[in-house]
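Student: The structure follows.
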Amino acid sequence: MRFDFIASYVSAFTGPWWKIFYDFSILTGAVDEWLKGSVSPFWTTVIEMVVVGVVFLLFYAVVGLFLVYAERKVCAFIQNRLGPNRIGPFGIFQTIADLVKLLFKEIIPIKNADSLLFNIAPYIVIIVNFMALAAIPYAKGLHAIDFNIGIFYILAVSSMSVVGVLLAGWSSNSKYSLIGAMRSGAQIVSYELSIGLALITIVILSGTMQLSEIVEAQRTGWFIFKGHIPAVIAFVIYVISSTAEINRGPFDMAEAESELTAGYHTEYSGIKFAFFYLAEYINMFIVASIAATMFLGGWMPFHIGNLEGFNMVMDFIPPFIWYIGKTFVIIWIIMLFKWTFPRLRIDQLLTLEWKYLLPINLVNVLIMAFLVLKGWHF
Amino acid sequence: MDNKQLEEFVKSIDQDLEIRNGKQFTEVTLLPSQLYAIAKLLREKEEAQFDFLFNLTGVDYGQDLGVVYHLRSTVHGHSIVLKTRTSDRVNPNIDSVSDLWETANLHEREVYDLLGIKFTNHPDLRRLFLDSSWGFPLRKDYVDDINIVTK
Amino acid sequence: MEEKVEIIATDEKQEFIINMGPQHPSTHGVLRLVVSLQGEMVKSLQPHIGYIHRGIEKMCESITYPQIIHLTDRMDYLSAHQNNEAVCLLVEKALEVDISDRIKYIRTIMSELSRLQSHQLFWATFGMDLGGQTCYFYGLRDREMILDIFEETTGGRMLVSYNCPGGVMYDLHPDFQKKVKDYIKYFRKKLPEYDAILTGNVIFRERTTGIGTLSLQDAISFGITGPSARASGLSCDIRKHEPYSAYDRVKFNEVLFTEGDTCARYLARVEEMRESLNIIEQLIDNIPEGPYAVKMKPVIKLPEGDYFQRVETARGELGVYVISDGNKNPFRMKFRSPNFVNLGVLNHLAKGFKIADLIAISGSLDLIIPDIDR
Amino acid sequence: MSNISEYFKDVFNGVLSLLKGMRVTAGYFFKPSAIVTQKYPENRKNLVMFERFKGEVVMPHNENNEHKCTGCGICEINCPNGTIEVIPKSIITEDGKKKRAIDKHIYRLGMCTFCALCVKTCPSNALAFSQKFEHAVFDRASLTKQLNKPGSQLMKGVE
């Protein structure tokens, strides 16, 4: 066993140890170096993939459980309630208890269901989640894959979750599920457009599709400030249509609790239901992260022009905290949507998309292009 | 119209009708064969216009089965009660008024369900609350040793 | 014993039949609707009822009049007080008992409070039917305070059994007036919030305007009463037309709309909350002194004959029809329950609309299933 | 042109109405003092029910184990559901007369609808409502209660 990795490890800490919080590439680079030095390149890749996979699995579970808890607390406070308060202080272990309960629940085989598709559907939803999570820059250097077409990739991948939903609805042999799935299909296909166009507005502004570069370009100011009016419009449109994309209220037509009992996952039980349930929250996390990355500067701290002292203080807060903070603000807004508004009807949902969001979006893209051409942005 | 005028009005339709002026309503007793024609007249005549059937009750009088109709006019504001009864307990038949007042549809189904009175010309005469194996519980001769406990 | 489900025969293969209920989140009870759809469009629907039919009318034939009152609680549990009142008024009318002004005032205030809490629950559940779950909690939060007021005076929260022939069971609690006045002040502040969350909301307006329109002619023909009928412009408020208790001494408006759609039915109820507050405000300070109950004979026997009494419950006109043979039990007791009649119009209204609209329409009719089944 | 202004007016008014609603909900989110939840089992000690609350029918006994029930059976007659069953016995009083008295006053909580007719009509005010509301039991038989305590007697002066 060779121990010289310790030396390289220590050498990474040329500054104080907490420096890695500001640039994770120091840590990841060091680990990569050491692995390359100690095993063959093939095994390096394998080990790195396994490590990243395990980390994402943990991250997935932690974020999912936390978001379920957060949603329950947020809606409770909105509704003048306390929310979960029995298990652990302030009920923080409530979702873990729920998860344990769901794990122990019987998985009910549905008579006349298409069992293959029925069983595959939750996994499709989950896998799509993982694929999207991989491309998001969490902090400087904390990035599983940095595609040069990152945005494109995320758009492509996240729209695949509808396949899982459609399969679940179709194979359940339940009429409620079927209606839910069909609604969801119509919904996601049309809202994909708005999301794409809203993000294209920012791509025009940044000139790149690589997420890390987009974040880097916001060092001098977040795009929502840089692109002013069109960027703000794009942001609002993005938040609205991403809420629709992830099937959350007020656009939760596919679930429509009061109409279709539970929509496409009516017939699922136990851990498979938990997959759908978790996927909904992870989806929310993904769209919120993209919004944070594209509009609010990702992990980039908040800087104001030449205020050096202020910028220093902002820089002191680690990028990861910035990223999480921004994401959660957007998640909170999405939650507030759900707990305030009544649900739209399916035809109104499409009206909203085709009559309001899409035309405004198209004009917005033009304005942004004009702005960039003239150099009127900051 | 007040009750007096109503009485005269009903008299003008048919001399032989049995009319009783109760404390609240003018009560007209009809034969089942007369019922539909007179109900239609009351519904359609300009000065009566009983367009609101606010209650329809089936009654088991012991010997006879009967139906009581409470009518009101939303135009004139007066009310009238029509009563009809039949002594045929095995196969009681009374004309349906559900084409005059839509609300009679459900009411008549309820009466059929609980008393077994059949309404001819009813569009959709099915049991409403109970399934077909039940008897007609609101009849006075209904026996149910299990569910009805008498002190 | 399995009942055959009669399904509307059809030639087209497009038909898609869906069973809503008896356990469905938005039917508020054990109502089962067999809906045949084309795509998402409702082609026709058939209500199947009777899941909680308790035979109250049959039970009434073997018990005495004071005992009937506690059964009426259990019909329309949100208008329990008005149901009680109907039976009591009928008995008092039949026996020609004069009740004191105090009783009339108490009954009127209690009726209006229970109308208020019923409409709050309507607001809450209607919001939830449309997908705004927060409405449910705000509505229940405010309703809870009225239930507390009820509990303090009557000992019951929903099933109050507060009336008895000849008066009320107990006198008002000493704190009653103060609490009610505080509540009116509190709730007047909350009503604008209701409007901000639901009434003014553009999604809500879009969901309800022009949906399930009931014309005046249809409202009359289907015998619809209560706020649902007044939304179509049918003036049918018993409180105005045949004032009972102290309704002839208060000034209030009959809430009338002409649109007749789901939105109008909703607005009619919200406006009625305001009117109820007005009525209570006019009465609460001038409750006259006097006995809270008139001494009745221990065994109440109605003279032979027919009696009919109507009251305006929160959902419409409750008629109590009694045929008495002079005994202590009624010979035949019939409750003309507003929900039973209002249910009849559901098929007519929902035809040609979407499933989501069906939920909105049945929510706006505010059906209480135990009252349908009795 | 008016169409376009109408269009933007729609958008603007719509968004404004949504923001109004969100202001209310967000306002409550930042106002924890508006929370109305009661933590039930924890607040059991200081949970006071209203004095008139109809929990269950009881027969108050004084410190000498005496109650007011004469065993007349009026409550049994008035009860609509057969909840109450009065089993009388005859006792011989001090002056040698035979008298009707209560042996068992059976009350079936499971059948009670809390209409208060028994309490209201009792000529000697022997019955009352208690404020107890935790009625859950493991055995249905324990819902049938005997209201007069064993060995209890009629209070002096109650006829």
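Derivation of every value follows stated rules applied to the coordinates shown; laboratory data play no part. What you see is a predicted model; the values in this text were computed from it and never measured. For neighbour counting, all protein chains shown are included, and Cβ atoms are generated from backbone atoms with ideal geometry for every residue, glycine included.
Student: Counting only C-alpha contacts under 8 Å and six or more residues apart, can you give the relative contact order of the range C:170-281 as a whole percent?
Tutor: Answer for the range C:170-281 is 27 percent.
Student: Per residue, how much space in cubic angstrom lies within the convex hull of the C-alpha atoms of chain C? Don't skip to the answer; put the middle values down first.
Tutor: Numbers: hull volume 51.5 nm³, N = 374.
In chain C, the Cα convex hull volume per residue is 138 Å³.
Student: Just want to confirm a number: the relative contact order over chain A, from Cα pairs under 8 angstrom separated by 6+ residues, in percent.
Tutor: RCO, chain A: 20 percent.
Student: Counting only other chains, and only Cβ atoms inside 10 Å, what mean value do you get across the residues of A:44-57?
Tutor: 0
Student: Enumerate the helices in chain A for which the Kyte-Doolittle hydropathy averages -0.5 or more and the C-alpha atoms extend at least 18 Å along the helix's axis, using complete DSSP H runs.
Tutor: Helices meeting the criterion: A:25-38, A:41-78, A:115-134, A:175-206, A:228-245, A:270-295, A:319-340, A:358-374.
Student: Compare the Cα positions of A:88, A:289, A:208 along the charge dipole of chain A (+1 at Cβ of Lys, Arg; -1 at Cβ of Asp, Glu; about the Cα centre) and return the one farthest towards the positive end.
Tutor: In chain A, that residue is A:88.
Student: While we're looking at this one, here's another question. Which ³J(HN,Hα) values, rounded to whole Hz and listed in residue order, are derived for the range D:16-28 from phi using the Karplus coefficients 6.51, -1.76 and 1.60 in 6.51 cos²θ - 1.76 cosθ + 1.60 with θ = phi - 60°, glycine and proline given as x?
Tutor: 4, 5, 5, 5, 4, x, 5, 5, 5, 5, 5, x, 5
Student: For the range D:136-149, in order, what is each residue's ³J(HN,Hα) by Karplus, 6.51 cos²θ - 1.76 cosθ + 1.60 with θ = phi - 60°, in whole Hz (x at glycine and Pro)?
Tutor: 5, 9, 8, 10, 5, 4, 6, 7, 8, 10, 9, 7, 7, 6
Student: Ok, one more. In debye to the nearest 20, how big a dipole does chain C give about its Cα centre with +1 on each Lys and Arg Cβ and -1 on each Asp and Glu Cβ?
Tutor: Values: 44 positive and 51 negative charges, 71 e Å.
Computed charge dipole of chain C: roughly 340 debye.
Student: Diagonalise the Cα gyration tensor of the range A:72-157 and give the resulting equivalent ellipsoid semi-axes, square root of 5 times each eigenvalue, largest first, whole Å. Display every interim value, and only then the final one.
Tutor: Details: eigenvalues 193, 140, 31 Å².
Working through the eigenvalues yields semi-axes of 31, 26, 12 Å.
Student: Okay, next question. In Å and whole numbers, how far do the C-alpha atoms of the range A:200-310 stretch along each principal axis, longest first?
Tutor: So the extents along the principal axes, rounded to whole Å, are 57, 27, 26.
Student: Sticking with this one: If contacts are Cα pairs under 8 angstrom and at least 6 residues apart, what is the relative contact order of chain B in percent?
Tutor: For chain B, the relative contact order is 18 percent.
Student: Additional query: Please compute, over every Cα-Cα pair in the range A:113-374, the percentage with a separation greater than 32 angstrom.
Tutor: Above the 32 Å cut-off, the range A:113-374 has 24 percent of its Cα pairs.
Student: Need one value for B:100-109: mean number of C-beta atoms belonging to other chains within 10 Å of its residues' C-beta atoms. All intermediate terms of the calculation are to be shown ahead of the outcome.
Tutor: Working: counts 1, 4, 9, 11, 4, 4, 11, 5, 0, 2.
The mean count of partner-chain Cβ atoms within 10 Å per residue comes to 5.
Student: For residue C:354, list long-range residues whose amide hydrogen, built 1.01 Å from N in the peptide plane, is under 5 Å from its own amide hydrogen.
Tutor: For residue C:354, whose amide H was placed from the backbone, the distant partners under 5 Å are C:42.
Student: Shielding by partners for B:123-133, please: the mean number of other protein chain Cβ atoms within 10 Å of each residue's Cβ.
Tutor: Averaged over the peptide's residues, the number is 4.
Student: Let me ask another. What translational diffusion coefficient, in µm²/s and rounded to a whole number, does the Stokes-Einstein relation yield for the protein assembly as shown at 37 °C and a viscosity of 0.692 mPa s, taking the hydrodynamic radius as the Kirkwood radius over Cα pairs? All intermediate terms of the calculation are to be shown ahead of the outcome.
Tutor: Values: Rh = 33.3 Å.
Once the numbers are plugged in, D ends up at 99 µm²/s.
Student: Semi-axes, largest first, in whole Å: what does sqrt of 5 times each Cα gyration tensor eigenvalue give for the range B:57-110?
Tutor: They are 23, 13, 8 Å, listed from largest to smallest.
Student: I'm checking a number: the convex hull volume of the Cα atoms of the range B:3-120, normalised per residue, in Å³. What is it? Mind dumping the intermediate values first?
Tutor: On the way: hull volume 11.6 nm³, N = 118.
In the range B:3-120, the Cα convex hull volume per residue is 98 Å³.
Student: In whole Hz, what ³J(HN,Hα) sequence does the range B:133-140 give by Karplus (6.51, -1.76, 1.60; θ = phi - 60°), x for Gly and Pro?
Tutor: 7, 6, x, 10, x, 7, 6, 5
Student: Pull up all non-local amide H partners of residue D:129: gap of 5 or more, or a different chain, and H-to-H distance under 5 Å with H placed in the peptide plane.
Tutor: D:58
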